[in-house]
Amino acid sequence: MNLTIHPLTAHRMADLDAIFLAHGCSAAKTCHCVGDRRGIAGDLFAAALPFARKHGTRLLEAYPVDRAVTGSPDSPWFGSLSLFRPAGFDDVACHRKARPVVRVALNR
């Protein structure tokens, strides 16, 4: 699959509408974070970090699910910890089982 990722801007709203209105796309209508199940989450994630850096973001914090932990919640919209660690996110806290808090500094 050839995937091109663009930031969602007012100019691209018609593209988003096309996804949500597509026949057979009920998952996107209830949750637009279906990239993990479609195998594109890594591509979306890889595009998000340079975009955030380019627009002045200095620090990102996330609350992914650690699927390696027994009994981890089935909450794909938070993202899997396996996406965050290779991108340089470090664990900074863990207040609930299988739900670490991770951060990365985006030096310009």
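Going through segment 1-16 one residue at a time, which ones are over 20 Å from Ala52 (Cα atoms), modelled with pLDDT of 75 or more and either of a type in the set (Val, Ile, Thr) or open to solvent by 80 Å² or more (accessible area, probe 1.4 Å) (or both)?
If the condition is that a residue be over 20 Å from Ala52 (Cα atoms), modelled with pLDDT of 75 or more and either of a type in the set (Val, Ile, Thr) or open to solvent by 80 Å² or more (accessible area, probe 1.4 Å) (or both), then Asn2 is the only one that fits.
Please count how many residues of segment 65-97 are under 22 Å from Pro7 (Cβ atoms) and part of a loop (DSSP other than H, G, I, E, B).
Adding up the residues that qualify gives 3.
If the Cβ limit is 6 Å and pairs must be 6+ apart or interchain, which residue in segment 77-99 that is under 25 Å from Ile40 (Cβ atoms) pairs with which residue that is of a type in the set (D, E, K, R) and assigned to a strand (DSSP E or B)?
Final answer for the pair search is none.
Suppose the filter is touching a strand residue (DSSP E or B) at 6+ places or on another chain (Cβ under 9 Å), at pLDDT below 80 and within 23 Å of Leu3 (Cα to Cα); does Ala52 pass it?
So Ala52 fails the test.
Are any residues in segment 80-108 polar (S, T, N, Q) and either on the phi > 0 side of the Ramachandran plot or open to solvent by 30 Å² or more (accessible area, probe 1.4 Å) (or both), and if so, which ones? Write out each step before concluding.
Our first condition is that a residue be polar (S, T, N, Q); within segment 80-108, this holds for 80, 82, 107.
Those that are polar (S, T, N, Q) and either on the phi > 0 side of the Ramachandran plot or open to solvent by 30 Å² or more (accessible area, probe 1.4 Å) (or both): Ser82, Asn107.
The values are calculated or read from the model by the stated rules, or taken from the named source; none is laboratory data. Computed from a prediction, not measured in an experiment: that's the story for all the values here. Neighbour counts run over all protein chains shown; Cβ positions are idealised from the backbone, glycine included. Remember, those area values only see protein heavy atoms, side chains included, never the ligands or the DNA or RNA. Shrake-Rupley method; radii C 1.70, N 1.55, O 1.52, S 1.80 Å.
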